[in-house]
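S.K.: For reference, the structure I am asking about is given below.
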Amino acid sequence: MAAQPSFSERRVVITGVGAVTPVGNDMPTTWRNLLDGESGVDRIKRFDPDQWGVRTPIAAEVKDWDPEPLLPDAKALRHMDLNTQYGMVAGLEALADSGLQITDDNQHRVGIIFGSGGGGMELVTRWQDTLVNRGARRVSPFAMPNLIADAASGHLSIATGATGPNYSPTSACATGANAVADGVLHIKAGRADALLVGGSEAIILPLFHICFERMGVLATPAEPLTASCAPYDLHRNGFVPGEGAAAMMIEDLEHARERGAPIYAEVIGGGSANDAHDIAQPESHGRGLMVSVQQAMQESGIDPERVGYVSTHGTATKLGDQVEVTALRRLFGGHSNDLALSSIKPATGHMMGASGALEVIVAAMVLKEGIAPPTLNYETPDPELDIDVIPNQARELSTEAALSFSVGLGGHNAAVLLKRIDE
């Protein structure tokens, strides 16, 4: 067996991307609609909001969903939660986009790290209802393996034949970004040559919507409904729930070059930290967020002034947006005046465990394409958030490096740092 490069010598690149989102059921459509300023926010159609007494009856739902042509195993599909369906489609798209062929010879060197904040919540509610109303004997023996949080990572392994490292991280809204950062560590450590990483979520359900309402974090419906979520705006008042999945194929650079793979960007750093402060609210100075970004910067070894774009968490909550800008100001000092940032959540809604992965892809696409999506609904700047928010229209932007970070319930924070790679 040939000697593996040392940890510090291995470089990791993104060679394939995939997505299922409220603005597109694949990555090319999603990217085009993000740049065009399209929004997936509308009145909830998944359930009747009036029946459940919902006061904020809006969400960003995946549209025109038909997985059968994309997931031909009809038996497996019949038992899958929507969360897993989204993850499967996004993951298989990323694999196809990368052009990687998984065979008996390399399957042990290809892994899957694919997370979810909640897992199969639709199946949990469905089988609980079955148990209460129809009895124990009516609960399917296929329920348990399909409702757990790692169902998507398991099904992706079966579908692709990848037998390398495989698990499902769960860190609320930081899940997708943590999956990417974890995957990079596995490749740098020589445990795999390629990993399918990302996250998925499908919790547009009455209980979870009402839980968010009770927390007071949902945006007040505006007119039009697409204007409801307004990150960094003076009048911001909350997020809109979303759903979907995002996935990337990440690879050792030399492995990718040997097979002539397409390269979107290099992943040069990752970080993860907790606020150790509150189960729901971020620490007001962004303590955990700052640590996670600092870890990513230290791992990368690049000068902070080479970072020109930030794909932010940007939920449009009063405290959350304030924490992000405070952290960026403290981390980058005077260079924060030169950072351009955008949040895609007014378009996609808050996709929870999938959001961080999609936002990493956005950062990679900005580096590759030289254009950044806008932050929709940014009309009235908040004087306390004095930073360059890309408002309402896409902006041409050329930068060497880009940052993406996520903040989750439980105090979880994750950061991923990317660099343009010129071939």
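S.K.: Of the conditions (1) out of contact with any helix residue (DSSP H, G or I) (no Cβ under 6 Å at 6 or more places or on another chain); (2) of a type in the set (A, V, I, L, M, F, W, C); (3) surrounded by fewer than 17 Cβ atoms within 10 Å (Cβ to Cβ), MET121 clears all except one; give me its number.
M.R.: Status for MET121: all satisfied but (3).
S.K.: Something else: Residues LEU385, LEU418: which one is part of a strand (DSSP E or B) and open to solvent by less than 10 Å² (accessible area, probe 1.4 Å)?
M.R.: Of LEU385, LEU418, the one residue that is part of a strand (DSSP E or B) and open to solvent by less than 10 Å² (accessible area, probe 1.4 Å) is LEU418.
S.K.: Does ASP97 fit the bill of being exposed (fewer than 15 other Cβ atoms within 10 Å of the Cβ) and among the charged types (D, E, K, R)?
M.R.: No.
S.K.: Let me ask something else. Filter segment 363-375 for residues that are closer than 17 Å to GLY314 by Cα and in a loop (DSSP other than H, G, I, E, B); which is farthest from the chain's Cα centre (by Cα)?
M.R.: Selected residue: PRO374.
S.K.: I've got another one for you. Out of curiosity, is GLU266 of a type in the set (Asp, Glu) and either open to solvent by less than 50 Å² (accessible area, probe 1.4 Å) or in contact with a strand residue (DSSP E or B) (Cβ under 7 Å, 6 or more places away or on another chain) (or both)?
M.R.: yes
S.K.: Further question: Identify, by number, the condition in (1) more than 22 Å from THR175 (Cβ to Cβ); (2) open to solvent by less than 40 Å² (accessible area, probe 1.4 Å); (3) touching a residue at least 24 places away in the same chain (Cβ under 8 Å) that GLY135 doesn't meet.
M.R.: (3)
S.K.: Go through segment 316-329 and give me each residue that's open to solvent by less than 10 Å² (accessible area, probe 1.4 Å) and within 16 Å of ALA414 (Cα to Cα).
M.R.: Across segment 316-329, the qualifying residues are ASP321, VAL323, GLU324, VAL325, ALA327, LEU328.
S.K.: Now, a different point. Is it the case, given these coordinates, that ASP66 is within 27 Å of ILE158 (Cβ to Cβ) and either among the basic types (Lys, Arg) or exposed (fewer than 15 other Cβ atoms within 10 Å of the Cβ) (or both)?
M.R.: yes
S.K.: Which of the residues that make up segment 49-63 are surrounded by 13 or more Cβ atoms within 10 Å (Cβ to Cβ) and over 28 Å from GLU369 (Cβ atoms)?
M.R.: Those that are surrounded by 13 or more Cβ atoms within 10 Å (Cβ to Cβ) and over 28 Å from GLU369 (Cβ atoms): PRO49, TRP52, VAL54, THR56, PRO57, ILE58, ALA59.
S.K.: I've got another one for you. Considering only segment 113-210, give the helices (runs of 4 or more DSSP H) lying wholly within it that have at least 1 residues that are among the small types (Gly, Ala, Ser).
M.R.: 143-147, 151-160, 175-188
S.K.: Out of ARG46, ARG109, I need the residue that is open to solvent by 10 Å² or more (accessible area, probe 1.4 Å), closer than 30 Å to LEU253 by Cα, basic (Lys, Arg) and in contact (Cβ under 8 Å) with a residue 24 or more places away in the chain. Which one?
M.R.: ARG109
S.K.: Still on this model: Among the residues of segment 226-259, what is the count of those that are in a helix (DSSP H, G or I), among the hydrophobic types (A, V, I, L, M, F, W, C) and open to solvent by 10 Å² or more (accessible area, probe 1.4 Å)?
M.R.: Residues in segment 226-259 being in a helix (DSSP H, G or I), among the hydrophobic types (A, V, I, L, M, F, W, C) and open to solvent by 10 Å² or more (accessible area, probe 1.4 Å): 1 in total.
S.K.: Now a separate question. For segment 4-11, does any single residue satisfy the condition of being surrounded by 12 or more Cβ atoms within 10 Å (Cβ to Cβ) and of a type in the set (A, V, I, L, M, F, W, C)?
M.R.: No, segment 4-11 has no match at all.
S.K.: Could you check segment 21-41 and list, in sequence order, the residues that are surrounded by fewer than 20 Cβ atoms within 10 Å (Cβ to Cβ) and either part of a helix (DSSP H, G or I) or in contact with a strand residue (DSSP E or B) (Cβ under 7 Å, 6 or more places away or on another chain) (or both)?
M.R.: Hits for segment 21-41 are ASP26, PRO28, THR29, ARG32, ASN33, LEU35, ASP36.
Here is a yes/no grid of residues against (1) modelled with pLDDT under 95; (2) part of a strand (DSSP E or B); (3) open to solvent by less than 10 Å² (accessible area, probe 1.4 Å):
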{"site": "LEU331", "(1), (2), (3)": "no, no, no"}
{"site": "ALA357", "(1), (2), (3)": "no, no, yes"}
{"site": "VAL360", "(1), (2), (3)": "no, no, yes"}
{"site": "ASN377", "(1), (2), (3)": "no, no, no"}
{"site": "SER406", "(1), (2), (3)": "no, yes, yes"}
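S.K.: Out of all the residues in segment 301-315, which are part of a strand (DSSP E or B) and either small (Gly, Ala, Ser) or surrounded by fewer than 16 Cβ atoms within 10 Å (Cβ to Cβ) (or both)?
M.R.: Residues satisfying the conditions are GLY308, SER311.
S.K.: Okay, moving on. Anything in segment 333-350 that is assigned to a helix (DSSP H, G or I) and either closer than 30 Å to GLU61 by Cα or in contact with a strand residue (DSSP E or B) (Cβ under 6 Å, 6 or more places away or on another chain) (or both)? List them, or say none.
M.R.: The answer is LYS345, PRO346, ALA347, THR348.
S.K.: While we're looking at this one, here's another question. Please find, within segment 74-94, the residue that is nearest to PRO165 (Cα to Cα) out of those that are more than 24 Å from the chain's Cα centre (by Cα) and open to solvent by less than 50 Å² (accessible area, probe 1.4 Å).
M.R.: Among those that are more than 24 Å from the chain's Cα centre (by Cα) and open to solvent by less than 50 Å² (accessible area, probe 1.4 Å), it is ALA76.
The values are calculated or read from the model by the stated rules, or taken from the named source; none is laboratory data. Bear in mind the structure is a predicted one, so any value in this text is a computation, not a measurement. Please note: Cβ atoms are built from the backbone with ideal geometry, for glycine as well, and neighbour counts cover all protein chains shown. Accessible surface is based on the protein model in full, side chains and every heavy atom, while ligands, DNA and RNA are left aside. Shrake-Rupley method; radii C 1.70, N 1.55, O 1.52, S 1.80 Å.
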